[in-house]
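Step one of this worksheet: look at the structure below.
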Amino acid sequence: MLFEKAVSLYWADKSRRLRGNTLEGYASAIRRHLMPAWAGRELESITHDEVQAWVDGLPSYGAAQKAYKTFRQVYRWTVRKRQLRIWDVTQGVELPAAPVVRRPTLTAAEERETLRGIVGQAWEAVVLCEAALGLRRSEACGLDWSDFDWRRGWVHVRR
């Protein structure tokens, strides 16, 4: 079976069951990465080494992850639905390492300066909670007075 035939069968089945955003992501990966690489290929002729080389050649970690997962979905769905007795070439494919993200943090001096600068501001309590509790900005902004348990010294971060 040709890969593009497998994609069209997969799409016909999944487009009835998946949400629009999921389908949009799959369509993007299919259009940008899968079809240029695998269109015209027999599913049975694709090898593990070719899939690994394809993943290694994708431009970024995000693209590799998205494209490979979509390829794997189509491939495994086709093998299962058509009851093909072929080796699963997606087993053991290694994705590139996720990039390390280092978010900037304030030094103690910068934190002191920030806290001095917010005195009397409307958002003073939010910034103080953020600094004292190590909260993300969205977590600190979601705090309500009912989240503070003054007797136990607890703050319930719920939103």
Identify the trypsin sites (Lys or Arg not before Pro) of segment 1-109 meeting these criteria: DSSP loop state and at most 11 other C-beta atoms within 10 Å of the C-beta. ARG16, ARG17, ARG19, ARG85, ARG102
Student exercise, segment 48-131 dipole from Lys, Arg, Asp, Glu Cβ charges, in Debye to nearest 20: 700 debye
Can you bin segment 66-159 into rounded, prolate or oblate? Criterion: square roots of the alpha carbon gyration tensor eigenvalues sorted a ≥ b ≥ c, rounded for a/c under 1.5, prolate for a/b above b/c, oblate for the rest. prolate
Whole-number percent relative contact order across the chain, with pairs defined as alpha carbons under 8 Å at least 6 apart: 18 percent
Sort SER15, SER28, SER138 from largest to smallest accessible area, using a 1.4 Å probe on the heavy atoms of the protein chains. SER138, SER15, SER28
At 1.4 Å probe size, with the rest of the protein present, what percent of the exposed accessible area of the chain is carbon and sulfur atoms? 52 percent
So, for the chain, what is the accessible surface per residue at a probe of 1.4 Å, expressed in square angstrom? 69 Å²
Rounded to one decimal in nm, the spacing of the 7 Å Cα→Cβ label points at GLU50 and ALA63 is 2.1 nm
Label-to-label distance, nm, for residues given as LYS81 and GLU113 (7 Å Cα→Cβ offset): 6.0 nm
So if R0 is 22 Å, what FRET efficiency would ALA125 and ASP149 give, r being the distance between their Cβ atoms, rounded to the nearest 0.05? 0.85
Using a 1.4 Å probe and ignoring any ligands, DNA or RNA, find the accessible area of LEU58 and quote it in Å² to the nearest 10. 30 Å²
Only helical DSSP H runs with n ≥ 4 go in: add -39500 (n - 2.57) per run for the chain, normalise by residue count and round the 222 nm mean residue ellipticity to 500 deg cm²/dmol. -15500 deg cm²/dmol
Any chance you could give the angle, 0 to 90 degrees and rounded to 10, that helix 108-117 forms with the longest Cα principal axis of the chain? 60 degrees
Cα gyration tensor of segment 1-65, axes a ≥ b ≥ c as square roots of the eigenvalues: rounded (a/c below 1.5), prolate (a/b > b/c) or oblate? oblate
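The values are calculated or read from the model by the stated rules, or taken from the named source; none is laboratory data. As the structure is a computational prediction, the values presented were derived from the model and not from experiment. Glycine also receives a Cβ, built like all others from the backbone with ideal geometry; neighbour counts cover every protein chain displayed. Side chains included, ligands, DNA and RNA excluded: accessible areas come from the protein's heavy atoms. Shrake-Rupley method; radii C 1.70, N 1.55, O 1.52, S 1.80 Å.
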